[in-house]
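Have a look at the structure below, then the notes.
The values are calculated or read from the model by the stated rules, or taken from the named source; none is laboratory data. For clarity, every value in this text was computed on a predicted model and none was experimentally measured. All Cβ positions, glycine included, derive from the backbone under ideal geometry; neighbour counts span all protein chains shown. Keep in mind that these areas ignore ligands, DNA and RNA; they rest on the heavy atoms of the full protein, side chains included. Shrake-Rupley method; radii C 1.70, N 1.55, O 1.52, S 1.80 Å.
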Amino acid sequence: MSILSGSVQSRRFVLCVAAFLAAGSGAAQAQSLTAEDKTAIQGLSASYAQALSACKAEEFADLFVPGTGAFASGFRGRMVGREKLVLLVQSERHCTGEAPARPAGNPPTVVIEPTASGVHGVVSLGAAEYQDEYVKTSKGWRFASRTVVIAAEKTAGLDASGMLAIQKLGGANLGDFYAPDPKGVSRLLTSGVRITAKDNEVTGRAFLKDGSYDDVVYEKTSAGQWAVKSSTHAAP
């Protein structure tokens with residue numbers, strides 16, 4: 001290799017490193033939030049509480065990213081898209097008359113954390129919390145996802161990403177579970193896997209498209225990934 005060739009390669013290497021650092025800097029700057037952004041995200045969480053307490057299903061669904069916005073919890077599974085978000089609110093017990101009306105109250109503060117991959121938020125609910133991902137759309141800030149994580153789930157090592165990983169283990173055959181409300185109206189209760197954490201064990205009922213389900217025991221591997229430990233199938 002000639003000295004000239006080595007010099008050219010060195011310059012190229014320096015330029016590549018500089019470009020990489022510049023790209024990283026640009027990505028970090030892209031995630032910075034203004035005071036107005038933070039206020040809007042706090043307002044988004046307040047609007048969520050108001051729409052849910054008042055059973056305003058359409059307004060509730062509008063708070064999520066169109067098409068891909070998702071709500072998740074252990075009991076509810078993972079509800080993705082406007083139609084399921086509307087059905088979610090319509091099946092809430094205080095909206096079907098099974099429970100007293102739910103007051104909106106004072107919205108709890110969102111602890112907002114801009115990250116390299118997006119804007120993350122945590123809302124403490126006492127024994128539980130919301131773990132959120134936000135996206136700024138043409139119509140303002142919206143939920144990319146909102147996940148409820150209760151104390152037993154946290155103790156068992158679950159968080160929003162872990163619950164999503166368990167849903168993905170179910171694959172493309174996951175379906176929905178409906179049950180009648182007190183008036184006999186069929187309501188969507190769970191989409192995908194209903195996750196239960198008890199005594200540090202994580203289990204799930206994976207509802208399938210054909211009406212059957214799998215009762216699954218999950219475990220966390222040494223690599224920190226969730227995997228199926230055992231599964232029992234029940235026919236429709």
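General observations
- Identity of the residue in segment 82-95, touching a strand residue (DSSP E or B) at 6+ places or on another chain (Cβ under 8 Å) and open to solvent by less than 10 Å² (accessible area, probe 1.4 Å), that ends up nearest to Lys139 (Cα to Cα): Leu85
- Residue selection: Ser138 satisfies the criterion of being out of contact with any strand residue (DSSP E or B) (no Cβ under 7 Å at 6 or more places or on another chain) and either open to solvent by 80 Å² or more (accessible area, probe 1.4 Å) or touching a residue at least 60 places away in the same chain (Cβ under 8 Å) (or both).
- In the set (1) closer than 24 Å to His120 by Cβ; (2) in contact (Cβ under 8 Å) with a residue 40 or more places away in the chain, the condition left unmet by Gly224 is number (2).
The rows are residues; the columns are (1) open to solvent by less than 70 Å² (accessible area, probe 1.4 Å); (2) touching a strand residue (DSSP E or B) at 6+ places or on another chain (Cβ under 6 Å); (3) among the aromatic types (Phe, Trp, Tyr); (4) assigned to a strand (DSSP E or B).
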site	(1), (2), (3), (4)
Ile166	yes, yes, no, no
Lys183	no, no, no, no
Leu189	yes, yes, no, yes
Ala197	yes, no, no, yes
Gly204	yes, yes, no, yes
Phe207	yes, yes, yes, yes
Gly211	yes, no, no, no
Glu219	no, yes, no, yes
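- Subset tally (residues that are at positive phi and among the β-branched types (Val, Ile, Thr)) for segment 172-202: 0
- Counted residues, segment 146-159 - those being within 14 Å of the chain's Cα centre (by Cα) and surrounded by fewer than 21 Cβ atoms within 10 Å (Cβ to Cβ): 3
- Segment 135-168, residues that are farther than 23 Å from Asp199 by Cβ and of a type in the set (Val, Ile, Thr): Val135, Thr137
- Verdict on Glu129 being under 26 Å from Leu189 (Cα atoms), open to solvent by less than 40 Å² (accessible area, probe 1.4 Å) and acidic (Asp, Glu): yes
- Filter result for Lys183 (at pLDDT 95 or above and among the charged types (D, E, K, R)): no
- Criterion (acidic (Asp, Glu), in contact with a strand residue (DSSP E or B) (Cβ under 9 Å, 6 or more places away or on another chain) and farther than 30 Å from Asp199 by Cβ) met by exactly one of Asp132, Asp62: Asp62
Listed here are the residues, each with its yes/no results for (1) among the β-branched types (Val, Ile, Thr); (2) within 30 Å of Glu113 (Cβ to Cβ); (3) touching a residue at least 24 places away in the same chain (Cβ under 8 Å).
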{"position": "Arg146", "(1), (2), (3)": "no, yes, yes"}
{"position": "Gly162", "(1), (2), (3)": "no, yes, yes"}
{"position": "Phe177", "(1), (2), (3)": "no, no, yes"}
{"position": "Val185", "(1), (2), (3)": "yes, no, yes"}
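- Helices (runs of 4 or more DSSP H) (entirely within segment 1-98) containing at least 1 residues that are at pLDDT 95 or above: 35-53, 57-61, 82-90, 93-96
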